[in-house]
Every structure is written in structure tokens, then in C-alpha cells.
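Enquirer: Okay, here's the structure, questions in a sec.
The values are calculated or read from the model by the stated rules, or taken from the named source; none is laboratory data. Please read these numbers as outputs of a predicted model, since none were measured by experiment. Ideal geometry is used to build each Cβ from the backbone, glycine not excepted, and the neighbour counts take in all protein chains shown.
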Amino acid sequence: METQMLRAAMDQLRRKGYLQECNKEVDPKFELGAVLKYYKNEVPILFNKVKGSKVPVVGALFGERDIYYEMLGITHEERIFRIIDAIANPKPTKLLSKGPIMENIITRNIDLQRMFPIPTFHEEDSSSYITAGLVVLKDPETGKSHVSVRRLQINKGNEISILVASPLATKQFSEMEKQNKPLEVAIVLGYDYSLLLASQISSETYGVDKYEVDSALRGEPIELVKCHSIDVEVPAFSEIVLEGIMPPNKREIEGPFGELMGYYGAVGPHPIVEVKTVMHRNNPIFQTAFPCREEHLSNGLIREVELYTSVKSLVDVKDVNVTVAGGCRFHAFVSINKRSDGDGKSAILGALASSKDVKHVVIVDNDVDIYDPSDIEWAIATRMQASQDLVIIPGALGSGLEPSHTLRGVTDKVGIDATRPLGDAARRFERAIIPGYEDIDIKKYLPGFKLK
Ligand SMILES: Cc1cc2nc3c(=O)[nH]c(=O)nc-3n(C[C@H](O)[C@H](O)[C@H](O)COP(=O)(O)O)c2cc1C
């Protein structure tokens with residue numbers, strides 16, 4: 001029985017009742033994405049009939065936090081420590097001589113739009129986009145694999161434009177360009193929860209082989225095979241692999257494209273990939289991701305590790321939440337066990353410094369549920385005074401992924417300290433309690449009545 005990658009994950013989702021199947025024909029242009037978006041990208045859906053193609057499409061696998069934990073076999077409480085452990089103790093991979101991904105190897109007449117039902121999502125998008133592609137590069141010096149999701153615009157035939165905002169990948173490509181040599185690259189579709197999470201670790205910060213981090217996370221070596229035409233390894237049980245090169249000194253216009261925050265991003269010249277070989281399993285499944293905030297949950301989980309460790313070095317942290325509505329990067333809620341005056345402000349410093357992307361942070365006490373927006377609002381309403389508890393850092397470097405930053409090129413960062421004072425004043429902030437509330441069996445009082 002397969003244990004790794006998309007098919008194994010889909011079997012598990014099916015058994016748990018999480019995977020929905022759509023048997024109505026959908027158009028990959030707008031309609032398929034519209035259905036994913038309607039369910040907030042939190043309901044995994046397999047589209048069995050996609051207009052103009054025999055290949056089914058699966059999407060919205062990774063947008064729901066509890067499903068993500070369950071599929072990784074971890075709890076919310078242990079997530080941070082399990083991820084830290086996998087980064088600190090990467091485990092070996094297993095290289096197989098062959099795997100199902102090699103069932104079909106195509107080297108001629110590659111026309112990606114004809115071969116696969118590649119969706120178009122928004123009205124002004126420049127083309128159809130592969131939005132879930134895992135881009136694999138190999139560091140020629142260390143042999144380490146860099147794996148990360150990049151959006152890929154289909155230009156024509158076998159040509160794709162690639163948006164790379166990563167310092168390491170950009171450096172690797174520009175070094176090859178200086179030597180006028182192409183960079184080999186594989187694009188993988190049909191992966192699972194563990195590999196996506198491992199892919200979201202920053203190569204620059206940790207310098208790890210992400211396949212090895214994946215092996216540590218999944219608790220068994222990830223099974224890889226060598227690509228057909230390039231010196232890069234890919235998961236043996238993935239669905240589709242596009243092997244190609246990024247030719248030096250070649251750029252094509254990329255965008256517009258409706259991005260994670262719901263706006264169209266900048267249009268500009270970007271490197272391209274020429275696909276030389278396509279490998280795919282028999283009856284392949286095309287994996288997609290509607291470009292929106294939920295789809296970046298895996299990225300947010302890694303950011304929570306960074307937020308937690310940064311704040312933990314200053315104060316006693318209870319939990320952190322890098323919110324989905326804030327694009328899994330701009331907004332953070334942090335609960336702390338306040339021990340000294342000033343802990344709230346120190347936590348603000350730690351949180352805002354944890355990443356250039358964290359723009360607004362709210363610090364609360366350990367009695368506030370940071371996954372309940374009403375509880376956060378309650379704490380701000382009752383425990384914060386702006387003249388004392390609002391910290392503004394004007395003109396810091398922010399993220400180009402939101403337009404108010406791109407307007408000025410800098411971002412104002414804001415911290416709200418919504419923690420209560422210590423000492424005698426703390427009594428004024430104790431919550432009113434109903435004795436026995438937790439023990440009431442509510443079904444006995446209004447049988448059959450359900451709150452909407
Ligand atoms: C669904 C999804 C789409 C993403 N799209 C892009 C993208 O188009 N370009 C990019 O540079 N990063 C994108 N990212 C973020 C990178 O995959 C992520 O930052 C990764 O960890 C970078 O790894 P690196 O440090 O090895 O470059 C995306 C992430 C997700 C989850």
C-alpha cells in the first residue's frame with residue numbers, strides 16, 4: 001500500500017470523509033476556481049470531469065488547519081516543537097531505481113495546455129497558471145535539494161514563466177547566468193501534507209535539504225527517483241513532473257495574476273522554464289491551489305515557529321496565531337504568561353522583528369483564546385489604552401505582497417499590548433464566572449433545539 005504523496009493522502013482524506021468529489025463537468029477557466037473559492041479553499045475537492053481533458057483535478061487540500069494537523073498526525077500544541085525538531089534533525093531520504101512517476105515519459109511535442117487541464121482563476125490573469133507546483137533545484141556545491149512552491153504562468157507549448165522571490169534561488173540562478181549556463185529545475189505536482197510543509201522552510205535561514213526535513217516530519221524516508229533528463233531528484237509517488245531548464249538571460253512578461261491577498265500583483269519580466277521532459281503516472285491527477293489566503297496555511301505554520309521562537313527569547317509565550325485572514329504572514333496574535341511589567345511590550349518587539357512581513361501584532365494574556373477573533377476584540381476593548389499600549393514603528397521594510405506597502409516601499413508596523421496589569425490592579429480584570437457552567441449538559445434543557 002502506498003504511504004507517500006497525493007494518492008496516499010487522498011485515500012486517507014476519503015476514509016476520514018474529508019474529500020468531496022464533483023462529478024458535474026467544470027470549466028478549468030474560472031468555474032473550477034470559483035467552486036474552490038466558494039468553499040473558502042478549506043474543503044478538499046476532486047473534480048472528476050474537467051472540460052476539454054481526461055485528467056481530473058484536485059484542489060483545496062491544504063487550507064484547513066485541523067485537517068492539516070490530522071494528516072500530519074500531530075496536535076496543535078505539539079506542532080511548533082515537531083517542526084523545530086524536523087529542521088534541527090533532518091533524516092536521510094531513500095533513492096529508488098524506479099517509481100510510478102516514471103510510468104510515462106514524454107520528451108517530444110510537449111504542449112502543457114493540451115496535456116493538462118491547467119486552470120485560469122481570475123478575470124485579468126494573463127494566462128492559465130500552475131499554482132501548486134513544487135519547484136525543485138539542486139545546489140551544485142552541497143547537493144542539497146531546495147523545494148518550494150512558485151507560481152508558474154503558462155506561456156506557450158513547453159514554456160513557463162516563473163516567479164521566484166527567494167534570495168537563495170535567485171542567487172543560484174544569477175550565478176549560473178554569469179557563467180551563461182542554464183539552471184536545471186523540476187516541477188512536481190501530486191505531493192502531500194508533509195512535503196508541502198517542509199517546502200515552506202526558508203532555505204536561506206536554515207540551509208537544510210528540504211527532502212531531509214520532510215523525511216524527519218513524516219517519520220520515514222521520502223522515496224525519490226532521479227529525473228529522466230536532469231540531475232534532480234523527485235518523489236517516486238508524485239503524479240506529474242515537468243523537467244526543464246531555466247535558460248540564462250531570458251525573461252518574459254509575467255502577470256497580471258490575482259494573488260493571495262485578492263489583488264492583482266505587479267507585471268514584469270521574469271525568468272522562464274523550458275520543459276524538456278514530462279513524466280507522469282498512469283491516470284495522473286492534476287493538483288491545483290486557488291490563489292488565496294487559506295492556501296498559504298503551510299507557510300503560516302512555519303511563520304508560527306519563527307514567531308514563537310522570537311517572542312520566546314524575551315517572554316514566556318503560551319501560543320501564537322499567524323492568521324489566515326492576514327495572508328498567513330501580516331497579522332499575528334500572541335498569548336503570553338505575563339510575569340513582569342513590560343512583557344507585553346517586549347513581546348511586541350519580538351513579534352514585529354520575527355519577520356519583515358509581520359505588520360500588526362496583538363499581545364494578550366493566557367486567558368484569551370487567540371483563535372477566537374471575538375476574544376481578541378474583547379481583550380483590546382477592555383485591556384488596552386492607546387496612549388500607553390500602542391506601539392508604532394514607522395517606515396520599516398514590509399512585504400511587496402500587499403499594495404499599501406508597494407505604494408511607499410515601506411510599511412508602518414503596529415503592536416497592541418492588550419495584556420492586563422500585574423499586582424493588585426489585576427483583580428479588576430478577572431472574568432466573571434458562572435460556577436458549574438462547564439458541567440451543564442445543555443441537551444437536557446431545550447431538547448432538539450440547535451443554535452444556528
Ligand atoms: C501556495 C503557495 C504559493 C506560493 N507562491 C510563491 C511564488 O509564486 N513565488 C515565491 O517566491 N514564493 C511562493 N511561495 C512561498 C514559497 O514557496 C516559500 O516561501 C518557500 O519556503 C521558499 O523557500 P526558499 O527559501 O527555499 O526559497 C508560495 C507558497 C505557497 C504555499
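Enquirer: When you look at Q153, is it at pLDDT 95 or above and surrounded by 13 or more Cβ atoms within 10 Å (Cβ to Cβ), yes or no? Outline the logic, then answer.
Expert: Details: at pLDDT 95 or above: yes; surrounded by 13 or more Cβ atoms within 10 Å (Cβ to Cβ): yes.
Here the answer is yes, as Q153 does meet what is asked.
Enquirer: Is it fair to say I106 is under 21 Å from S194 (Cβ atoms) and either more than 16 Å from the ligand (Cβ to nearest atom) or of a type in the set (F, W, Y) (or both)? Show your work before the answer.
Expert: Numbers: under 21 Å from S194 (Cβ atoms): no; either more than 16 Å from the ligand (Cβ to nearest atom) or of a type in the set (F, W, Y) (or both): yes.
No.
Enquirer: Given the criteria more than 10 Å from the ligand (Cβ to nearest atom), without any contact (Cβ under 8 Å) to a residue 24 or more places away in the chain and assigned to a helix (DSSP H, G or I), does E141 qualify? Reasoning before the result, please.
Expert: Details: more than 10 Å from the ligand (Cβ to nearest atom): yes; without any contact (Cβ under 8 Å) to a residue 24 or more places away in the chain: yes; assigned to a helix (DSSP H, G or I): no.
Considered against the rule, which asks whether it is more than 10 Å from the ligand (Cβ to nearest atom), without any contact (Cβ under 8 Å) to a residue 24 or more places away in the chain and assigned to a helix (DSSP H, G or I), E141 comes out as no.
Enquirer: Out of L242, L217, report the one residue that is crowded, with 18+ Cβ neighbours inside 10 Å and closer than 27 Å to I83 by Cα. Reasoning before the result, please.
Expert: Values: L242 fails: closer than 27 Å to I83 by Cα.
Result of the check over L242, L217: L217.
Enquirer: From the list C292, C227, which one is crowded, with 21+ Cβ neighbours inside 10 Å and within 21 Å of the chain's Cα centre (by Cα)?
Expert: Details: C227 fails: within 21 Å of the chain's Cα centre (by Cα).
Answer to the selection: C292.
Enquirer: Six or more apart or on different chains, Cβ atoms under 8 Å: show the pairs whose first residue is in segment 145-165 and more than 12 Å from the ligand (Cβ to nearest atom) and whose second is of a type in the set (K, R) and assigned to a strand (DSSP E or B).
Expert: Going by the 8 Å Cβ cut-off, the qualifying pairs are N158/K276.
Enquirer: When you look at F116, is it within 20 Å of the chain's Cα centre (by Cα), over 20 Å from S194 (Cβ atoms) and touching a residue at least 40 places away in the same chain (Cβ under 8 Å), yes or no? First the steps, then the outcome.
Expert: Values: within 20 Å of the chain's Cα centre (by Cα): no; over 20 Å from S194 (Cβ atoms): yes; touching a residue at least 40 places away in the same chain (Cβ under 8 Å): yes.
Here the answer is no, as F116 does not meet what is asked.
Enquirer: Follow-up question, since we're still on this one. Check L352, L401 and return the single one that is closer than 23 Å to R293 by Cβ and out of contact with any strand residue (DSSP E or B) (no Cβ under 6 Å at 6 or more places or on another chain).
Expert: Values: L352 fails: out of contact with any strand residue (DSSP E or B) (no Cβ under 6 Å at 6 or more places or on another chain).
That would be L401, the only listed residue that is closer than 23 Å to R293 by Cβ and out of contact with any strand residue (DSSP E or B) (no Cβ under 6 Å at 6 or more places or on another chain).
Enquirer: Restricted to segment 287-304, and to residues that are assigned to a helix (DSSP H, G or I) and touching a Lys or Arg at 6+ places or on another chain (Cβ under 8 Å), which residue is farthest from the ligand (Cβ to nearest atom)? Before you say what the answer is, go through the steps one by one.
Expert: We begin by selecting, within segment 287-304, every residue assigned to a helix (DSSP H, G or I); these are 294-304.
Now restrict to residues that are touching a Lys or Arg at 6+ places or on another chain (Cβ under 8 Å): 294, 296-297, 299-301, 303-304.
Numbers: E294: 10, H296: 5, L297: 8, N299: 5, G300: 9, L301: 10, R303: 10, E304: 14 Å.
Out of the qualifying residues, it is E304.
Enquirer: Does at least one position in segment 74-96 carry a residue that is among the polar types (S, T, N, Q), at negative phi and touching a His at 6+ places or on another chain (Cβ under 7 Å)? Spell out how you get there, then give the answer.
Expert: Within segment 74-96, the first condition is being among the polar types (S, T, N, Q), and the residues that meet it are 75, 89, 93.
The next check asks that each one be at negative phi; those that pass are 75, 89, 93.
Keeping just the survivors that are touching a His at 6+ places or on another chain (Cβ under 7 Å) gives none.
No, the conditions are met nowhere in segment 74-96.
Enquirer: Can you tell me which residue in segment 97-113 is nearest to the chain's Cα centre (by Cα), limited to those that are of a type in the set (S, T, N, Q) and on the phi < 0 side of the Ramachandran plot? Don't jump to the end; show me each part of the working.
Expert: First, pick out the residues of segment 97-113 that are of a type in the set (S, T, N, Q): 97, 104, 107, 109, 113.
Next, only the ones that are on the phi < 0 side of the Ramachandran plot stay: 97, 104, 107, 113.
On the way: S97: 31, N104: 29, T107: 31, Q113: 25 Å.
Of everything passing the filter in segment 97-113, Q113 is nearest to the chain's Cα centre (by Cα).
Enquirer: Scan segment 71-91 and tell me whether some residue there is touching a residue at least 60 places away in the same chain (Cβ under 8 Å), over 17 Å from L189 (Cα atoms), within 16 Å of the ligand (Cβ to nearest atom) and part of a loop (DSSP other than H, G, I, E, B).
Expert: Taking every residue of segment 71-91 in turn, at least one turns out to be touching a residue at least 60 places away in the same chain (Cβ under 8 Å), over 17 Å from L189 (Cα atoms), within 16 Å of the ligand (Cβ to nearest atom) and part of a loop (DSSP other than H, G, I, E, B).
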